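The values are calculated or read from the model by the stated rules, or taken from the named source; none is laboratory data. Just so you know, these numbers come straight off a predicted model, no measurement behind them. Note that we place each Cβ from the backbone using ideal geometry, even for glycine, and neighbour counts take in every protein chain shown.
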Amino acid sequence: MIDGVLGSSSLPALERSLQFMSARQKLLAANLANAETPGYRAVDVDPAEFQASLREALDEGRTDGQGGIAFDDAAPVAFGPRGTELRPEFLGDNILFHDGTDGSVERAMQRISENTYAFRMAAQLMRSQFEMINAAIRERP
């Protein structure tokens, strides 16, 4: 179990999730913007891999020394002083067209929608956590 605030709150996990989804949204937007650019191949980071890495880091109680969660080097994402760094891979979930692209606007929009929904849910959970902390500080509901 993680010591202190990390062990009693989901805030660090929510923070890392929001950072991941924010960085992923930029990646997904670039995929959509370049869907018809000759030679462009869509990339993404699998959210399930991120969730597995987050679960593993939480189970092992790894911290970064600043109250955050530390991920191992094999994780699909790195959090550092330069911000959130994704390690995307080519999707390749569509046929490769004659111009070298393999993007699908429909699939890109689906990924953006899923990511947006997950971001909103995590943001709402974080907002609820802050409201509980605020209520505890004020000693009233």
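Structure summary
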{"read-out": "SER10, sole failed condition from (1) at pLDDT 90 or above; (2) surrounded by 15 or more Cβ atoms within 10 Å (Cβ to Cβ)", "value": "(1)"}
{"read-out": "Of residues in segment 71-93 being surrounded by fewer than 16 Cβ atoms within 10 Å (Cβ to Cβ) and part of a loop (DSSP other than H, G, I, E, B), the one modelled with the lowest pLDDT", "value": "ASP93"}
{"read-out": "Filter pass, LEU96 being surrounded by fewer than 17 Cβ atoms within 10 Å (Cβ to Cβ), at pLDDT below 85 and not small (Gly, Ala, Ser)", "value": "yes"}
{"read-out": "Segment 94-106, residues that are assigned to a helix (DSSP H, G or I) and in contact (Cβ under 8 Å) with a residue 40 or more places away in the chain", "value": "VAL105"}
{"read-out": "Residue in segment 11-25 that is among the aliphatic types (A, V, I, L, M) and more than 26 Å from GLU131 (Cα to Cα) present", "value": "no"}
{"read-out": "From the options ALA70, ALA75, ALA118, ALA57, residue that is in contact (Cβ under 8 Å) with a residue 40 or more places away in the chain and closer than 26 Å to LEU11 by Cβ", "value": "ALA118"}
{"read-out": "Residues satisfying the stated conditions in segment 66-98, i.e. aliphatic (A, V, I, L, M) and more than 16 Å from ALA48 (Cα to Cα)", "value": "ILE69, ALA70, ILE95, LEU96"}
{"read-out": "Segment 99-127 - residue that is within 21 Å of ALA48 (Cα to Cα) and among the basic types (Lys, Arg) and, of those, surrounded by the most Cβ atoms within 10 Å (Cβ to Cβ)", "value": "ARG111"}
